[in-house]
Amino acid sequence: MSTDKIRTRYDAFFGADFMPLIRQDQTQGAEERNAYANEFAAFQLGQIDKKLGRLIELMEAQQQLPTSS
């Protein structure tokens, strides 16, 4: 599987709302549920960081524009 396919699958999986992984044949242990929740939270924080970074860039660019009096 290529890196792009893995990245697309990862983005689609974590881009959706959080849903605990449910398996019919076995229950997950606390460590597995915690690891999944941590990974999901880290992904979402990364998305927030990207958006805030872009917002800061736009605000800084707006401040650098000359004001007319």
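Results for (1) among the small types (Gly, Ala, Ser); (2) out of contact with any Phe, Trp or Tyr (no Cβ under 9 Å at 6 or more places or on another chain); (3) modelled with pLDDT of 75 or more, shown as yes or no for each residue.
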{"residue": "Ile6", "(1), (2), (3)": "no, yes, yes"}
{"residue": "Leu21", "(1), (2), (3)": "no, no, no"}
{"residue": "Gln24", "(1), (2), (3)": "no, yes, no"}
{"residue": "Gln28", "(1), (2), (3)": "no, no, no"}
{"residue": "Phe43", "(1), (2), (3)": "no, no, yes"}
{"residue": "Ile48", "(1), (2), (3)": "no, yes, yes"}
{"residue": "Leu52", "(1), (2), (3)": "no, yes, yes"}
- Note on the structure: Considering residues that are among the hydrophobic types (A, V, I, L, M, F, W, C) and either in a helix (DSSP H, G or I) or modelled with pLDDT of 85 or more (or both), the number found within segment 8-19 is 3
- Task: State which residue pairs qualify: first residue under 17 Å from Gly15 (Cβ atoms) and touching a residue at least 24 places away in the same chain (Cβ under 8 Å) and inside segment 29-56, second residue part of a helix (DSSP H, G or I) and of a type outside the set (S, T, N, Q) in any location, beta carbons under 6 Å apart, and separation of 6 or more residues or different chains.
- Result: Phe40/Phe14; Phe43/Phe14
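The values are calculated or read from the model by the stated rules, or taken from the named source; none is laboratory data. In this text, all values refer to a predicted model and were calculated from it rather than measured experimentally. Every residue, glycine as well, gets a Cβ built from its backbone with ideal geometry; the counts of neighbours run over all protein chains shown.
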